Amino acid sequence: MCRSVDVRTAVLAKNDGLAAELRAELARRRVTAVNLLSSPGSGKTALLELVLRRARERGQTVAALTADLATENDARRLARSGAPVRQVLTGGLCHLESAQVRALIDDWLPDPTRLLFVENVGNLVCPASYDLGETLRVTLMSVTEGEDKPLKYPTAFGAAHLVVLTKTDIADAVGFDDAAFTTAVERVNPGVEILRTSARTGQGVDTLLDRVLAVAGGVAPHAPLLAAKHLRAHGHDHGPAQDRHHEHDHDHGHGRAPRPTTA
Amino acid sequence: MHELSIAAAVVESAEDVAREHGADAVAGVTLRIGELAGVVPDALRFSFSLVAEGTALDGAELVIEEVPARARCGGCDARFAVGSPPALWCPHCDTAAAELLTGRELELAEVRMAGSP
Ligand SMILES: Nc1nc2c(ncn2[C@@H]2O[C@H](COP(=O)(O)OP(=O)(O)OP(=O)(O)O)[C@@H](O)[C@H]2O)c(=O)[nH]1
Ligand SMILES: [Mg+2]
Ligand SMILES: [Zn+2]
């Protein structure tokens, strides 16, 4: 006899639950959080430094968290904008989790902060599974990365509220095929807006800030088809479901003491 | 390799379920993983056996049910397989999907416990 329990819980229910609480706390403090996802070296820090500087010039209160496996270099670069910045060292972890963001929100985030940018670990796979309580998820890639990248990383691009193409100043030099890229994005995330930016020329910096401020002002973000349900709509957060356990005893036909098998 | 973190989350939840039900060993777990969940089943299997070592899930069987990604057309309401690489556009009328029906699952479906002590 082997007892079986149908659980049907999200594997990441704990992170999802913490993210839901964090989202509520951020809303209470009137902070709009933006989660930035890309491969290593796509230009997140370079673009964010300009966005922070521009936001301050436009009289907005902004702050940033930047996550890296090691080194505080990105935090130092971002701090040049004058905005409050914190580095999160993930100690080898390939993504940020809600608990890490929450700890910094409680201990450090200045009041008032209207916009909080979170630069995730450079990685297009792992961070895509972890909700950080953000209102806006932005997935970036640079013109040097290959037009079909959205098809190779559909979860990251398909769940984005906004897609940003970076380093457009060198697009011609590397022969970037913009039409192929646009088709690939549209294929996994119909209707998502693509912004084109350059940290060298400043292209797109104000537009990106405009989009973030619009959402902070109450404009509903694009609803990506691949977004996890809790990221799709406001106010539909589900904490971990613990009360749905359904137990049933059934014989799997392997006698009294089930023989454990290795995975 | 977030499969390690995911495996750790699986082990932790399954141990909680076992504890709640007074069992001290888990014989097996079943996971449902969507095609678009961003998790590689083979990597997860590998991580699972590592993470399970020395826990109530040591030696437990890991069954992974892969869930195909399916969407509903926003134009003609057809249900279609999103395919690989994914296309969220209707193969019948070329309209964008209105909804992803399945494919993002990352669920602990079942925990099988060895008989009570
Ligand atoms: N030509 C050009 N180079 C850029 C641009 N943005 C960033 N770079 C360069 O690309 C490299 C990586 O930029 P970062 O901003 O550090 O990239 P990142 O995404 O923050 O990298 P990680 O945090 O390591 O994932 C640096 O050498 C930048 O100078 C741009 O718009 N144009
Ligand atoms: Mg960086
Ligand atoms: Zn159709």
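The values are calculated or read from the model by the stated rules, or taken from the named source; none is laboratory data. This is a predicted model, so every value here is computed, not measured. Cβ: placed from backbone, ideal geometry, glycine included. Neighbour counts: every protein chain shown. These area figures cover heavy atoms from the full protein model, side chains too; ligands, DNA and RNA do not enter into them. Shrake-Rupley method; radii C 1.70, N 1.55, O 1.52, S 1.80 Å.
Observations
- Taken over the stretch A:117-129, the residue count meeting the criterion of being of a type in the set (Val, Ile, Thr) and in a loop (DSSP other than H, G, I, E, B) is 2.
- Subset of the stretch B:69-91 that is assigned to a loop (DSSP other than H, G, I, E, B) and touching a strand residue (DSSP E or B) at 6+ places or on another chain (Cβ under 7 Å) - its residue that is nearest to the other protein chains (Cβ to nearest Cβ): B:Leu88
- Condition met for B:Glu53 (under 20 Å from A:Ala228 (Cβ atoms) and surrounded by fewer than 16 Cβ atoms within 10 Å (Cβ to Cβ)): no
- Within the stretch B:17-26, considering residues that are out of contact with any Ser or Thr (no Cβ under 9 Å at 6 or more places or on another chain) and farther than 26 Å from B:Asp42 by Cβ, the one least open to solvent (accessible area, probe 1.4 Å): B:Glu20
- Pick from the stretch A:25-43, criterion open to solvent by 10 Å² or more (accessible area, probe 1.4 Å) and small (Gly, Ala, Ser), ranking: farthest from ligand 1 (Cβ to nearest atom): A:Ala27
- Failed criterion for A:Leu116 (all others in (1) more than 15 Å from the chain's Cα centre (by Cα); (2) in contact (Cβ under 8 Å) with a residue 60 or more places away in the chain hold): (1)
- Scoring A:Leu89 on the criteria (1) within 14 Å of ligand 1 (Cβ to nearest atom); (2) under 25 Å from A:Ile170 (Cβ atoms) leaves a single failure, condition (2).
- A:Ser129 satisfies every condition listed in (1) away from every other protein chain (no Cβ under 14 Å); (2) surrounded by 20 or more Cβ atoms within 10 Å (Cβ to Cβ); (3) among the hydroxyl-bearing types (Ser, Thr, Tyr) except (1).
- Out of B:Arg104, B:Arg45, B:Arg32, sole residue that is away from ligand 3 (no atom under 16 Å from the Cβ), open to solvent by 20 Å² or more (accessible area, probe 1.4 Å) and within 21 Å of A:Val185 (Cβ to Cβ): B:Arg104
- Number of positions in the stretch A:193-209 that are touching a His at 6+ places or on another chain (Cβ under 8 Å) and loosely packed, with under 15 Cβ neighbours inside 10 Å: 0
- Verdict on B:Leu4 being in contact (Cβ under 8 Å) with a residue 40 or more places away in the chain, hydrophobic (A, V, I, L, M, F, W, C) and buried (at least 24 other Cβ atoms within 10 Å of the Cβ): no
- At least 3 residues being within 16 Å of ligand 2 (Cβ to nearest atom) and more than 22 Å from B:Ala7 (Cβ to Cβ) is the threshold, and among the strands (runs of 3 or more DSSP E) wholly inside the stretch A:1-116 those reaching it are A:32-37, A:62-68, A:85-89.
- So A:Ala99, is it at pLDDT below 95, open to solvent by 40 Å² or more (accessible area, probe 1.4 Å) and either under 19 Å from A:Leu115 (Cβ atoms) or among the small types (Gly, Ala, Ser) (or both): yes
- Residue within the stretch A:83-101 that is within 20 Å of A:Leu48 (Cα to Cα) and in contact with a Gly (Cβ under 9 Å, 6 or more places away or on another chain) present: yes
- Annotation note: of B:Glu66, B:Glu12, the sole residue that is open to solvent by 50 Å² or more (accessible area, probe 1.4 Å), in a strand (DSSP E or B), of a type outside the set (A, V, I, L, M) and touching a Lys or Arg at 6+ places or on another chain (Cβ under 9 Å) is B:Glu66.
- Cβ-Cβ under 7 Å pairs, at least 6 apart or on other chains, the stretch A:24-51 side away from every other protein chain (no Cβ under 14 Å) and of a type in the set (Asp, Glu), far side within 8 Å of ligand 1 (Cβ to nearest atom) and part of a helix (DSSP H, G or I): A:Glu49/A:Arg77
- Residue match in the stretch A:44-62 (condition: surrounded by 22 or more Cβ atoms within 10 Å (Cβ to Cβ) and modelled with pLDDT under 95): no
- Cβ-Cβ under 7 Å pairs, at least 6 apart or on other chains, the stretch A:78-106 side within 14 Å of chain B (Cβ to nearest Cβ), far side open to solvent by less than 50 Å² (accessible area, probe 1.4 Å) and among the basic types (Lys, Arg): none
- Within the stretch B:15-51, the set of residues being among the hydroxyl-bearing types (Ser, Thr, Tyr) and part of a helix (DSSP H, G or I) comprises B:Ser47, B:Ser49.
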